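One structure is given below, encoded as structure tokens.
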């Protein structure tokens with residue numbers, strides 16, 4: 001590969017600037033070596049540009065949930081190069097929440113709290129980091145009051161968490177949306193009502209296996225959009241990064257076929 005076409009980030013957010021530069025130079029494919037947050041920022045740059053440019057991924061993050069969607073986890077360099085050289089891309093749906101695009105998930109409540117907790121753990125990596133942090137939060141997390149509109153119209157609940165998913169996994173290990181599709185024009189919304197510690201542990205264990213959707217207090221729906229209103233502007237997890245919403249009401253919607261990607265044959269559902 002021509003070294004002039006390899007751009008390295010040096011500070012948080014550099015990937016957005018470098019992606020914009022590559023697009024302006026006429027790049028037809030941008031290969032991200034990184035995790036979900038980096039992929040998300042590059043995807044946003046591609047979508048906003050309107051350019052005919054595809055996103056490919058060499059997974060090098062913690063959870064690598066988006067790479068799982070593309071079917072490239074475990075691919076070696078030669079396999080990834082072969083995929084890119086095929087010059088075959090497909091268009092997938094993305095989500096939009098609080099004015100920001102996301103390619104895998106957007107979560108509120110327990111999800112965001114767990115993500116914040118992972119930033120304080122230095123002795124674990126990968127799936128173990130998320131599992132450890134989630135287990136610790138099960139016993140101390142304070143539930144949120146939320147009012148929902150859209151597919152779950154006028155429903156007010158005290159929730160453990162609410163997740164909007166385009167991909168199927170969350171935090172690497174959790175199959176939070178086992179029937180999600182990046183090509184059906186819908187997002188999978190999962191709302192989990194608060195419960196006692198025993199109920200929380202059951203839900204946690206179910207989410208690891210993808211069997212939690214049938215548990216009491218778990219509501220799942222495929223929809224174009226959903227609006228959530230909290231007492232205050234909430235913290236939110238977006239593609240593995242922690243953000244603060246700009247208002248107490250957050251509208252989350254699907255943007256069909258917004259992003260071109262390079263995926264392993266047969267991976268996209």
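The values are calculated or read from the model by the stated rules, or taken from the named source; none is laboratory data. Note that this is a predicted model, so its numbers are computed, not measured. Note that we place each Cβ from the backbone using ideal geometry, even for glycine, and neighbour counts take in every protein chain shown.
Of everything in segment 142-151, what is surrounded by fewer than 19 Cβ atoms within 10 Å (Cβ to Cβ), touching a residue at least 12 places away in the same chain (Cβ under 8 Å) and over 17 Å from residue 256 (Cβ atoms)? Give them in sequence order. Working first, answer last.
First, the residues of segment 142-151 that are surrounded by fewer than 19 Cβ atoms within 10 Å (Cβ to Cβ): 142-143, 145, 147, 149-151.
Those left that are additionally touching a residue at least 12 places away in the same chain (Cβ under 8 Å): 143, 145, 147, 149-151.
143, 145, 147, 149 - these are the residues of segment 142-151 that are surrounded by fewer than 19 Cβ atoms within 10 Å (Cβ to Cβ), touching a residue at least 12 places away in the same chain (Cβ under 8 Å) and over 17 Å from residue 256 (Cβ atoms).
When segment 177-207 is filtered for residues that are touching a strand residue (DSSP E or B) at 6+ places or on another chain (Cβ under 9 Å), modelled with pLDDT under 95 and in a loop (DSSP other than H, G, I, E, B), the ones remaining, listed by number, are 194, 195. On inspection, residue 81 fails the criterion of being in contact with a strand residue (DSSP E or B) (Cβ under 7 Å, 6 or more places away or on another chain) and outside the structural domain of residue 243 (by TED's automatic domain parsing). Scanning segment 1-49 for residues that are under 17 Å from the mean Cα position of the chain (by Cα), touching a residue at least 60 places away in the same chain (Cβ under 8 Å) and not in a helix (DSSP H, G or I) returns a single hit, 35.
Give me the strands (runs of 3 or more DSSP E) completely within segment 218-261, filtered to those with at least 2 residues that are under 26 Å from residue 52 (Cβ atoms) and touching a residue at least 12 places away in the same chain (Cβ under 8 Å), ordered by residue number. So that I can check it myself, show each step before the final result.
Numbers: elements: 218-223, 225-230, 235-238, 241-244, 249-261.
The strands (runs of 3 or more DSSP E) meeting that bar are 249-261.
Residue pairs whose Cβ atoms lie under 8 Å apart, sitting 6 or more positions apart in sequence or on different chains, and linking a residue in segment 86-98 that is at pLDDT below 95 to a partner that is surrounded by fewer than 20 Cβ atoms within 10 Å (Cβ to Cβ) and assigned to a loop (DSSP other than H, G, I, E, B), are 87/28. Would it be correct to say that residue 213 is touching a residue at least 40 places away in the same chain (Cβ under 8 Å), assigned by TED's automatic domain parsing to the domain that holds residue 169 and either within 15 Å of residue 178 (Cβ to Cβ) or in a strand (DSSP E or B) (or both)? Against the criterion (touching a residue at least 40 places away in the same chain (Cβ under 8 Å), assigned by TED's automatic domain parsing to the domain that holds residue 169 and either within 15 Å of residue 178 (Cβ to Cβ) or in a strand (DSSP E or B) (or both)), residue 213 does not qualify.
Every residue, every condition in (1) surrounded by 19 or more Cβ atoms within 10 Å (Cβ to Cβ); (2) within 25 Å of residue 102 (Cβ to Cβ), yes or no:
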site: 199; (1), (2): no, no
site: 207; (1), (2): yes, yes
site: 210; (1), (2): no, yes
site: 215; (1), (2): no, no
site: 221; (1), (2): no, yes
site: 228; (1), (2): yes, yes
site: 233; (1), (2): no, yes
site: 238; (1), (2): yes, yes
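Number of residues in segment 131-158 that are over 17 Å from residue 188 (Cα atoms) and modelled with pLDDT of 80 or more: the value is 19.
Yes/no per residue for (1) closer than 16 Å to residue 224 by Cα; (2) more than 21 Å from the chain's Cα centre (by Cα); (3) crowded, with 17+ Cβ neighbours inside 10 Å:
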{"site": "160", "(1), (2), (3)": "no, no, yes"}
{"site": "163", "(1), (2), (3)": "yes, no, yes"}
{"site": "174", "(1), (2), (3)": "no, no, yes"}
{"site": "184", "(1), (2), (3)": "yes, no, no"}
{"site": "187", "(1), (2), (3)": "yes, no, yes"}
